Structure formats: structure tokens, C-alpha cells
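Notes follow once the structure below has been shown.
Any read-out appearing in this document is the output of simple, stated calculations on the displayed coordinates, not a laboratory observation. Every value quoted in this text rests on a predicted model; they were computed, and no experiment measured them. For neighbour counting, all protein chains shown are included, and Cβ atoms are generated from backbone atoms with ideal geometry for every residue, glycine included.
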Amino acid sequence: MKKLGNSVYMIVCRIVCLLPLVGMIFYKTDSTTENRTLASMPSVMKDDKVNVSFLKELGGYFEDHFAFRQELVSADAEIQSKVFHVSNVDTVMVGEDDWLYYTDTLDDFLGRNVMSERQLYCTAHNLSLLQRYVNAQGVPFVFTVAPNKNTLYPEHMPYYTERKADTNKNIDLLKPVLENCGVEYVDLFPLFEEQNETLYLKRDSHWNNKGAVLAYDVLLDELQREHETYESVKAIRTKTAYGDLNKMIYPLTAKPEWDYYYQNEKQWTYTSEEENVEAAWIQTKNEDGSGSLLMFRDSFGNTLLPLMAQEFSDAAFSKGVPYRIEEYMKKCEPEFVIVEKVERNLDEYMHTPPVMHALEVDLSDAHADVQDGATLDVQVADEDVQYYCLSGELSESVANSNDNIYIRLQIGDTAKVYEAFTTVDENTDYCYRMYLSKTQLVSDGLGTGEVSVNVFVGADALEKKVCTKQVNWDDFSLSDE
């Protein structure tokens, strides 16, 4: 009898182990609530050769697609979060009182790995160039940062996050630099902190609809535009919101939570191909609205989008990075530009600046000293083949934390000086990048033949010439002068 019991037990165990594999024939997992793309079926051959990574890739494919994956993940999540108060998903932290937080916000929360002085300057400087470009078209510009949830509501964070490296966060360090660079910044942090009620969802990384209205209202106030404030619009509170973190950790057992839904009549419609607030590019129209808007946003803009679309006769919303500001300004001819970015992703501006023809500046380099302190690479821009991209690195010995980089182009007697974006990479904080429109260069007499390219460093003048090259636009050959 004992042998029979052991045999039955072994058979059951084997069936349980084989079920996820055999079940793929009938019930393969093809979707996920996690913020990633599932692995695709690997090929035995790759580039006309045997794929030596086939077994490894096949394992990854099985991990993503085995049968009953969502059910097993949900069961595991329920046990780990409810019993051990931890998460089984790397992207989600389980807090107190059923609160969930996005793991990528942990460095900000703990004050770890904060930006250096140069990185702060690069971020603010690049935003100031974006603003100057928009303002040069006669269009008002505002920039705002959506707070991380644990910045506003830290009391529900897991116990193991109590020890902080520093009380200062990137946003705290960045605010005075934005002011010094003249960026029109709308500070949402004190606005949300002074509210008596919680305006973020417990199991989502974003604000609720009432929080979105608060942000929308202050942004349009800053643009000095009359608008619906929603003070007299009825809001119904219903338990129908399924948060993003909620679905990540509990793909099948996520429970809804309360949110507010404003009972005003929708007057706007989509005019773009995509009709989903998650889409990368969205355009809307409202016959009863007025004015036009161009908004660069992230997922916090999902709830802002319907509010803005209800207000403007024409609105365009982009999630794309880098910002294709020059293309979209010409395409949409907006009367207002808003840029919104979540706190945890502020470093994007120092890594990925907007795509636009560089701003021309009126500076002379007649007496600038020549030093060997920079590299220069010229190529057709990967982001848009209608632009050249000039980029390189500086020696830290020739630049200070608040120095700009300027590039002068000259063909014969025709010369222009442009201000570059200040960027960082994995090796140094002292990089630069500049986009030059092929069409504009030809129009300015600098787009054909051989051009002299000079790179300068200075806070607000061409103080040091750090690189001099000859560039042939026909073949991009570089040679020292």
C-alpha cells in the first residue's frame, strides 16, 4: 500500500511539473500585465549559422509562455505579498496597508545616486534650449514634473526603506538650477502636499483623476488661459480603477479601487489613427474648444489628455523620446507647449535631448585660445535623416560644471555659431550633441562643400577653442587642420 501511495505521489508530481509545458499546446500564455515584451520563439538558425544561444533563448521563451503562467504568478504574488509582505515582481514594491510602489522610484526616495552638479546643469540647460526654441516661435512654454508617489506618500513604504542616504532628491537639487537657467517650471510638489486628501491611487504609480484635474488646472493657470476648473462638475466616486502596479503583481487577481469620474459631456474626438491614451502619438479635435496645444508627456499624461482635449480645439500629445520638437511645431502650429515628465525619469533630458536645428548665438571667437580638449563626430542623425548630428566628449580639465558648448561653422566668409545640448554618457558628464537641419544649412550657405568646424567651451562666451576639424558634407571625412 505504501509503494502504491509513493507511486501515485510521484505520478502526480510529474503531471504537475509537465502540465505547464504540455499545456502550452492548448493554453499558451501570449500576454502579460508586466511592462515588457514577451520573448519570441527562437530560431535554430540565425544569420545562416547555427544559433548557439538557441537553448538559452528557448528557456526564456518557455518562462514567458508556459501554460497557466498568469494563474501561477498571481497565486505566488498573493502568498508572498499577503504572508511575507514582499513582491514577487522586481518592478513592484509591496508597502503597508495594501499600497504598491514602483521600484524604479527607490533611488529618488532614498536619496541615492543623485545627479552631479554637471548632470543637473545638463538637464536644466537642455530644457532651457527647448524653451528658447519654442519661445522663438512666439509660443508660451511650461515644464512640470509629476511627483513620484512615495515622495508625496512615504508613510506606506516598506519597512526596509527607512534608512536614507540623503534627504535631498534630484528634484530638490534641480529646482534652483531650473530657475537659474530661466526654465518656466510649474512646481506641483507643494501643491499636492498641501491637499488634505490622497490624490494618488494605492495600487497604481499615478495620480487619480482628481489629482489630474489639480495638475491640469495649475498648468493652464500658468499659461494664463481661461478654462473649465471642474469645481462645479459633479464627480462620482466608483470602485472601478485597476492600477498598473496592481496588474503587474496580480495579473488575474487584481482588485479594483476607488477613483473619481467627472460627469461632464465629452466634446472632443480623436483625429489620429490611434485612439488610446497609451499611444505614442495622439491628436484630438473639439469644435467647441479654442486654441491649439502641443504636449510632450509620459504615462502621467494619460489622465491629463482628456482634460486638455476637452479644452483645446486642436491638441497633439507625444510620448516619443527624443522630442521631435521642430517637426511637431511645424506640423501642429501650436499656440501653447507643455512638457510633463515624472520625477523618476528626469535624467532623460541629459541623455536624450530634443531633435531640433541648433539655436544660433551671436558670439565672436576672434581671440579664443586653441586647446586640445574635445572629440568631434559628425554623422547623419539616427533620430532623423534630415539632420546632421555633431557630438563628442570634452576633457573635464577644460570645462566647469556650468559651461556651455558652442560650435562655429564656416565656409569662406559665411560663419555661424550654435549652442549645443550638454549631455552625459556612461564614461563622462562632459559630452555634447547638436542637430543641424540639412535644409537650413543649405539655406544659410553652410550645407555644401567643405566646412570648418570649431568647438568652444564657455559659460556664456567662446572662452576656449577645444577642437578644430574640417568636415566635408559629401563624405563626412574628418581631418585635423
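Note on Ile236 and Lys330: their simple-model spin labels are 4.7 nm apart, each label 7 Å out from Cα toward Cβ. Dimensions of the stretch 359-478 based on its C-alpha atoms, expressed as ranges along the principal axes with the largest first, amount to 34, 33, 23 Å.
Given contacts defined as C-alpha pairs under 8 Å and at least six residues apart, what's the relative contact order of the stretch 350-425, whole-number percent?
Working: 84 pairs, mean separation 28.4, N = 76.
Computed over the stretch 350-425, the figure is 37 percent.
Look at where the Cα atoms of the stretch 276-297 and of the stretch 394-463 average out, and the two centres are 35 Å apart. For Val92, the residues whose amide H sits under 5 Å from its own are Thr103, ignoring neighbours fewer than 5 places away on the same chain, with H placed 1.01 Å from N. The alpha carbon radius of gyration of the stretch 218-354, expressed as a multiple of 2.2 N^0.38 Å, is 1.14. Between amide H atoms placed 1.01 Å from N, distances below 5 Å from Val361 occur with Val417, Tyr418, Glu419, all of them 5 or more places distant or on a separate chain. Cross-link reach is defined here as a Cα-Cα straight distance under 28 Å, omitting same-chain residues fewer than 8 places apart; for Lys285 the lysines meeting it are Lys210, Lys234, Lys266, Lys319, Lys330, Lys331, Lys341. For Ser272 and Asp425, a Förster radius of 35 Å and the Cβ-Cβ distance give a FRET efficiency of 0.55, rounded to the nearest 0.05. Here the spin labels are modelled as points 7 Å beyond Cα on the Cα-Cβ line, and at Gln195 and Glu117 they lie 3.7 nm apart. Listed by chain and number, the lysines whose alpha-carbon sits under 25 Å from that of Lys46, ignoring those within fewer than 8 places in the same chain, are Lys28, Lys56. Applying 1/(1 + (r/R0)^6) with r as the Cβ-Cβ distance of Gln137 and Asp172 and R0 = 30 angstrom yields a FRET efficiency of 0.40.
Return one quarter of the surface area of the convex hull spanned by the alpha-carbon atoms of the stretch 177-244, equal to its mean projected area, in nm². The partial results should precede the final answer.
Numbers: hull surface 25.4 nm².
Averaged projected hull area, Cα only: 6.3 nm².
Based on every Cα atom in the stretch 248-315, Rg and the maximum pairwise Cα distance Dmax equal 14.2, 44 Å. From most to least packed by mean Cβ count within 10 Å, the peptides 148-159, 314-325 give 314-325, 148-159.
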